[in-house]
Amino acid sequence: MKEALLQEVWKQAPGLEGHLCYLAFAGSHSYGTSTDASDIDLRGIAFAPEEAVFGLQAYEQTMLVQPDTVVYGLNKYVRLAVKGNPNIVEMLYVEPKHVLYASDAGEELRSHRGLFLSRRLYHSYGGYAIRNLRKLARIREQYDAKDAHHLIRLLQMGRELLETGELQVLRPNAEELKSIKRGEWSAEDLLAYAEDLFAKMTSAWETSSLPDDVDVDAVQRLTIRLNRAFYG
């Protein structure tokens, strides 16, 4: 399946050939929570075409509808990762079996993925959690099960990150998350679980050994090195 998906991406976006440096599964297929009805989501990173680097064009990303694919320009990807966007940072932490393609530059990005981890991610994961906790508390029994399972996953991943300094994208509790996604939890139990997870994530943030912020200078050096090597 991986080769067929990659060929479909090449077919629909031939401009990515030679420029793509990383492509991986995202969403439920990377979390281990997919079902037979789940869509395939792909996320990647590419070097911008020369016209956008040395000429007058601009390049931010390439998007495809089927399969649902977003390939970010390297510079845009790095900017988003530095800001602590969870979905962006997670791209480099998927399991090796969920990577469809990685050039030497892609492998180097994966090897330096720890550069994008900091205590700032608490606010990224926690900000989403606060909004959805409030929503869950307000609507109670009419909660959206899909949103709820994302809420629990993010709280768990945020806590683990702050405690261990690592992101575990493939969820060891995938079956639990699937049961939430199927709407098998009462709103009361779900809310209590989410509030407990949020409290534990906050406690982990207070004692985390992660740096307070991303070392932007180190990220800048990495980005410059990758771009110089690619464009020669």
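What follows draws every value from the coordinates through simple rules; no lab data is involved. Everything numeric in this text was worked out from a predicted model, so none of it was measured. Cβ coordinates were reconstructed from backbone atoms using ideal geometry, including for glycine residues, and neighbour counts include every protein chain displayed.
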(message) Cβ contacts < 8 Å: first residue on the phi > 0 side of the Ramachandran plot, restricted to the stretch 1-27; second residue charged (D, E, K, R) and not in a strand (DSSP E or B), any location; separation 6+ or different chain. Result?
(response) Gly27/Asp39
(request) Only residues that are of a type in the set (Phe, Trp, Tyr) and touching an Asp or Glu at 6+ places or on another chain (Cβ under 9 Å): list them for the stretch 49-87, please. (result) Tyr59, Tyr72
(request) Look at Ser38 and say whether it is without any contact (Cβ under 8 Å) to a residue 40 or more places away in the chain, within 30 Å of Leu155 (Cα to Cα) and surrounded by 15 or more Cβ atoms within 10 Å (Cβ to Cβ). (result) no
(message) Condition first: in contact (Cβ under 8 Å) with a residue 12 or more places away in the chain, surrounded by 21 or more Cβ atoms within 10 Å (Cβ to Cβ), touching a Cys at 6+ places or on another chain (Cβ under 7 Å) and small (Gly, Ala, Ser). Can you find one or more residues in the stretch 75-95 that meet it?
(response) no
(message) Please go through the stretch 1-48 and give me each residue that is aromatic (Phe, Trp, Tyr), in a helix (DSSP H, G or I) and farther than 17 Å from Val94 by Cβ, ordered by number.
(response) Trp10
(request) Select from the stretch 182-232 the residues that are of a type in the set (Lys, Arg) and part of a loop (DSSP other than H, G, I, E, B) and list them in ascending order. (result) Arg182
